[in-house]
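Input: a single structure, listed below in structure tokens.
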Amino acid sequence: MIDPFPQHPYRRGTRVHGAAERASRTFATGTASVVDAWHAGGGSYTYLVRTDDGAQEYWSSPMTIPAGTWIGKNGDETLEEPALAGASAGEETAA
């Protein structure tokens, strides 16, 4: 993770992904864009985001991560897919 996190609230249009996302590409490109933000008290915010499939959802600030913030273990913006973690090159893992 790159420190520090950008300050809340994130600007409209900021590309974000959910903290539970695990696919490599989402860390770099995000899965949604911020539409609006509301202060929820205690330094927390609620975000209205538009997902890449067009849905509008409410995400809490601890679960809303700006694209490009998390990096892979090799210092780039890619991570191993969870199903491949620990597999050596050329090995297949059971699905």
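The values are calculated or read from the model by the stated rules, or taken from the named source; none is laboratory data. Worth saying up front: this structure is predicted, and the values here are computed from it rather than measured. Note that we place each Cβ from the backbone using ideal geometry, even for glycine, and neighbour counts take in every protein chain shown.
Look at (1) out of contact with any Leu (no Cβ under 7 Å at 6 or more places or on another chain); (2) modelled with pLDDT of 95 or more; (3) closer than 18 Å to Arg11 by Cβ; (4) not basic (Lys, Arg) and you find that Gly54 fails only one, number (3). Here Ala87 meets each of (1) at pLDDT 95 or above; (2) surrounded by fewer than 13 Cβ atoms within 10 Å (Cβ to Cβ) with one exception, condition (1). Of all the listed residues (Thr46, Thr14), the sole one being over 14 Å from Ile65 (Cβ atoms), at pLDDT 95 or above, surrounded by 15 or more Cβ atoms within 10 Å (Cβ to Cβ) and touching a strand residue (DSSP E or B) at 6+ places or on another chain (Cβ under 9 Å) is Thr46.
A count restricted to the range 62-79 and to residues that are outside any loop (DSSP other than H, G, I, E, B) and either modelled with pLDDT under 80 or surrounded by fewer than 14 Cβ atoms within 10 Å (Cβ to Cβ) (or both) stands at 2.
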